[in-house]
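Right, one structure below, let's go through it.
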Amino acid sequence: IFNLRWICWLSPFIPIFINPNSYFSSFLSFLLAVLGCFLSQCQCRCSPGMAHQSPLSLAGLPQAQSLAGAQPNVEKLVEDHLAVQSLIRAYQVRPLNGHHNADLDPLGISCINFDDVPVPTGVQNVDLALFKDRLSILTVGGFYGLDESDLDKVFRLPTTTFIGALRPPFGFLPIMAYCQHIGVEFMFINDLDQCQWIREKFEKPGVMQFTLEEKRTLLARMVRSTRFEEFLQRKWSSEKRFGLEGCESLIPALKTIIDKSSEKGVENVVMGMPHRGRLNVLANVIRKELEQIFCQFDSKLEAADEGSGDVKYHLGMYHRRINRVTDRNITLSLMANPSHLEAVDPVVQGKTKAEQFYCGDTEGHKVMSILMHGDAAFAGQGVVYETFHLSDLPSYSTHGTVHVVVNNQIGFTTDPRMARSSPYPTDVARVVNAPIFHVNADDPEAVVYVCNVAAEWRATFHKDVVVDLVCYRRLGHNEMDEPMFTQPLMYKQIKKQKGVMQKYGEKLIAEGVVTRQEYEEEIAKYDKICEEAHVRSKDEKILHIKHWLDSPWPGFFNLDGQPKSLTCPSTGLTEEELTHIGQVASSVPVEDFTIHGGLSRILKARGEMIKNRTVDWALGEYMAFGSLLKEGIHVRLSGQDVERGTFSHRHHVLHDQNVDKRVCIPMNHVAPNQAPYTVCNSSLSEYGVLGFELGFAMASPNALVLWEAQFGDFHNTAQCIIDQFICPGQAKWVRQNGIVLLLPHGMEGMGPEHSSARPERFLQMCNDDPDVLPSITEDFAIRQLHDCNWIVVNCSNPGNFFHVLRRQILAPFRKPLIVFTPKSLLRHPEARSNFDEMLPGTDFQRLIPDNGPVAQNPAGVKRIVFCTGKVYYELTKERKAHGMEDTVAIARMEQLSPFPFDLVKAESEKYPNADLVWCQEEHKNQGYYDYVKPRMRTTIDRAKPVWYAGRPPAAAPATGNKKAHLVELKNFLDTAFDLDAFKDQM
């Protein structure tokens, strides 16, 4: 029996060690613990000399004493304890989820459908008052084998809960923990420590306690949140503002997260949100001056900055201030966001990652992100899922984000039954095991408690967490909308609903925390602040968008926001630098590192090229990156399979063939004090990852951030980021960005999905005027770059690619750069550049003229063919085959936008007797033709036609038949060199 006692005490832990979160393991552990307890008591009553006797049977064990004096047998006692534990666990996990039964909906009309969950009859939508009733307790308990006689017993619970002894009535404490105004989803988390941490926060009796001062602070924040919206409604009742009415507790929620995070050491918070409540967040969280916000409602407001600007509820803000709760400095930035609700999510994560990177915060202790969402968008927008899946990837993790869902229980006019297939809008967060805290937004104290826990979770585990504020929209989708058209019953209930500030104020008055006079004085005090700011706002006659910058670059621009100069130094390098970088690119700078045999041949070939003073595409890119790193410029290259390169040309990460996970990045061995090089394969995402890299590029102008598509046409999956952020970002938000998009492009018979990067889409969105010939001055090239919205290039040789990448950093401003990169040219023997094209004094060539035999006799040239990219090599081959090297000139347009008006004019005037032809491999309704034709005609005599040679119009970007592809290629090349081909078109 002595040995049996130790076995019995230790045996309960065996199932837990096997599977800590198994439902069966918990039952088995509890059963063994009870048996061990009774067997140990039995051994204690035996004298030492009787230790060898057989243990008593279960029938002979002492019976438990209940409060009522009943003497149930041991079997019943064990069954009852197991039943109670099952009941408690049922509130934590399905089928009797506590969060399904919590009082979460302020309106009491929740339309969440749990019919697929086998919940016992009579336990849905229960609340504390119902459960205090003995009959209701019995109804629930009866499902687990408990009867009337069990209601007065004391049950001891296992240490897997923090409730302690469960005293009569047994239903009370689990309801207090899980079925009031907070519902907790966490049992899907497969980490025992994390589950126990959450249990402790919610199961311990009395955890949600607030001091008088905390309650008064919370009331003051509720007053500011509520009265701000009411002030705007009084002053501008017919203006759209997407107010926060119905979820005023969002403001104290955010401030609580920031306060607790600041207490834990956070110094920088990057935030993103949709339009609902943005003005309130700007005013009461970021602390934007109220007069700056109010003046936005003035219809006569003039724009002082260039560009289109944006509506007030899309603008962002950056502010550094003292956190009054912690007396610590904190920087808050709210990112500007378009109406594409969740598009800002990855952008915020990218900027957060960059801020962490630049301050050396490798674990997210100093910089964090907060993302706000709408319920319908959170469930419906795929970028939310993409962003969650970046959360734990090494090169993308921001070490935990607090997500706050403003759960209106409706999306515009669509109720949840039609908007999602999951019970909750937050179910997408379960994919990364993020705990989800549902809370009734009409209970400010519950909201604040949950937000404190969420901030602590993020600080403790550095993982994502979701706060679901279940609320409503008091005024519909916007202030001009009539919600009764589509949700009459909901809005009848909303009209009866008392405001949360009023309810909380009355609660505190009843508790004696504040007097009614103090409550009314707090309201009057903030109303006065708003009125005074309104008076000052009338003096604001001009809108300065730069005051709304969410990502300022101190010291990069002059005080007026203009570049410090409009000059760009030469982008060339000395021969010594080129040679040194080339040697690094062709070596393995780590000892005892075994590389693949095929890679050895590639590195050897690189070394031979360096000896011959030539570079291919991969080496040209290497030269650009390596030189910038040496100059202290951080380079980050991200995308699908970028480490090796989709076409196996890059090999920036070498893998040891004998040691798992051992890698070498030669680019990080260019110079002793160089900047770090980050090259990272991304998840199979375009929308999320491009948004992330855009956000990363926002943080600092002194970094070259590049995103490469696996194939150029894959950018269409990220079109929202391109259309809403990259193309118009500076015009809408005066926010420059130097991100580079590398888009593999070329018609090579690979079918419609892997041929075209759709250059026509980028060119269509360029902001230069095709009908106006700009004034061509000495600084024309750099001024064009300064005035454009982005730069579009299609380089035909690696030297020019090298220069355009370096120009991206050496220019005195930042513009997005779109590069149509090659596929077949990566290994084309003629697509090489000599060191002479990359030495000091050389620069990017916007247009490369024909310097062959035609240049010796320009008057004898019958045709000049303008082209761009890969087709140049096919044209030169065909020209040679036709014997027209003296009569046909071929000019390469390397930079398409801004359009090189000056160089096109000079080149066309060089050949006075030549016809002008634009040749492209893309179909006529695609590619560049519709962009270049009007600009070429503006440049030259308008009476002179610009002929087209290329594929005919088509719906698909390319044929899927290799033979058809070759036939099309031959036809348009023949057309380009047939001097009589266009006569019939006159």
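The values are calculated or read from the model by the stated rules, or taken from the named source; none is laboratory data. Remember, predicted model here, so these are calculated numbers, not experimental data. When we count neighbours, we look across all protein chains shown, and the Cβ atoms used for this are built from the backbone with ideal geometry, even at glycine.
Need a quick list: strands (runs of 3 or more DSSP E) entirely within the stretch 723-823 having at least 1 residues that are of a type in the set (Val, Ile, Thr) and over 18 Å from Arg636 (Cβ atoms).
Those strands (runs of 3 or more DSSP E) span 791-793.
Just the residues that are in a loop (DSSP other than H, G, I, E, B) and closer than 18 Å to Tyr424 by Cα, please, taken from the stretch 356-402.
Selection gives Gln381 alone.
Note down all Cβ pairs under 6 Å where the first residue falls in the stretch 493-519 and is β-branched (Val, Ile, Thr) and part of a helix (DSSP H, G or I), the second is surrounded by fewer than 19 Cβ atoms within 10 Å (Cβ to Cβ) and modelled with pLDDT of 95 or more, and they're at least six residues apart or on different chains.
Close Cβ pairs (under 6 Å, with a partner that is surrounded by fewer than 19 Cβ atoms within 10 Å (Cβ to Cβ) and modelled with pLDDT of 95 or more) amount to Ile509/Arg516.
Is one or more of the residues making up the stretch 569-577 surrounded by fewer than 13 Cβ atoms within 10 Å (Cβ to Cβ), without any contact (Cβ under 8 Å) to a residue 40 or more places away in the chain and not in a loop (DSSP other than H, G, I, E, B)?
yes
What residue, of Asp361, Asp327, is in the same structural domain as Tyr472 (by TED's automatic domain parsing), surrounded by 15 or more Cβ atoms within 10 Å (Cβ to Cβ) and without any contact (Cβ under 8 Å) to a residue 40 or more places away in the chain?
Exactly one of Asp361, Asp327 is in the same structural domain as Tyr472 (by TED's automatic domain parsing), surrounded by 15 or more Cβ atoms within 10 Å (Cβ to Cβ) and without any contact (Cβ under 8 Å) to a residue 40 or more places away in the chain, namely Asp361.
Return the pair list, or none, for Cβ contacts closer than 7 Å from residues in the stretch 448-468 that are outside the structural domain of Thr217 (by TED's automatic domain parsing) to residues that are surrounded by 19 or more Cβ atoms within 10 Å (Cβ to Cβ), at least 6 apart or on different chains.
none
State whether the residues of the stretch 293-302 include one that is closer than 22 Å to Glu479 by Cα, assigned to a helix (DSSP H, G or I) and aromatic (Phe, Trp, Tyr).
Within the stretch 293-302, one or more residues are closer than 22 Å to Glu479 by Cα, assigned to a helix (DSSP H, G or I) and aromatic (Phe, Trp, Tyr).
Among the residues of the stretch 192-210, is any assigned to a helix (DSSP H, G or I), out of contact with any Ser or Thr (no Cβ under 6 Å at 6 or more places or on another chain), more than 13 Å from Val453 (Cβ to Cβ) and free of Cβ contacts under 8 Å to residues at least 24 places away in the same chain?
Yes, the stretch 192-210 contains a residue that is assigned to a helix (DSSP H, G or I), out of contact with any Ser or Thr (no Cβ under 6 Å at 6 or more places or on another chain), more than 13 Å from Val453 (Cβ to Cβ) and free of Cβ contacts under 8 Å to residues at least 24 places away in the same chain.
Inside the stretch 916-957, can you point out the residues that are touching a residue at least 24 places away in the same chain (Cβ under 8 Å), more than 17 Å from Met893 (Cα to Cα) and of a type outside the set (S, T, N, Q)?
Passing the criteria: His923, Lys924, Lys944, Pro945, Arg951, Pro952, Pro953, Ala954, Ala956, Pro957.
I want to confirm something. Restricting to the stretch 830-844 and keeping residues that are surrounded by 19 or more Cβ atoms within 10 Å (Cβ to Cβ) and among the small types (Gly, Ala, Ser), which single residue is farthest from Cys568 (Cα to Cα)?
Taking the candidates together, the pick is Ala831.
Every residue, every condition in (1) among the aromatic types (Phe, Trp, Tyr); (2) under 23 Å from Asn337 (Cα atoms); (3) in contact with a His (Cβ under 9 Å, 6 or more places away or on another chain), yes or no:
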{"residue": "Gly350", "(1), (2), (3)": "no, yes, no"}
{"residue": "Glu355", "(1), (2), (3)": "no, yes, no"}
{"residue": "Asp361", "(1), (2), (3)": "no, no, yes"}
{"residue": "Asp375", "(1), (2), (3)": "no, yes, no"}
{"residue": "Val402", "(1), (2), (3)": "no, yes, no"}
{"residue": "Asn407", "(1), (2), (3)": "no, yes, yes"}
{"residue": "Pro416", "(1), (2), (3)": "no, no, no"}
{"residue": "Tyr424", "(1), (2), (3)": "yes, no, yes"}
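Would the stretch 662-678 turn up any residue that is among the charged types (D, E, K, R) and within 21 Å of Trp617 (Cβ to Cβ)?
Taking every residue of the stretch 662-678 in turn, none turns out to be among the charged types (D, E, K, R) and within 21 Å of Trp617 (Cβ to Cβ).
Assess whether Leu282 counts as being in a helix (DSSP H, G or I), at pLDDT below 95 and under 25 Å from Lys353 (Cα atoms).
Here the answer is yes, as Leu282 does meet what is asked.
Might you let me know whether the stretch 860-868 holds any residue that is over 12 Å from Ser796 (Cβ atoms), out of contact with any Leu (no Cβ under 8 Å at 6 or more places or on another chain), surrounded by 17 or more Cβ atoms within 10 Å (Cβ to Cβ) and not assigned by TED's automatic domain parsing to the domain that holds Met747?
yes
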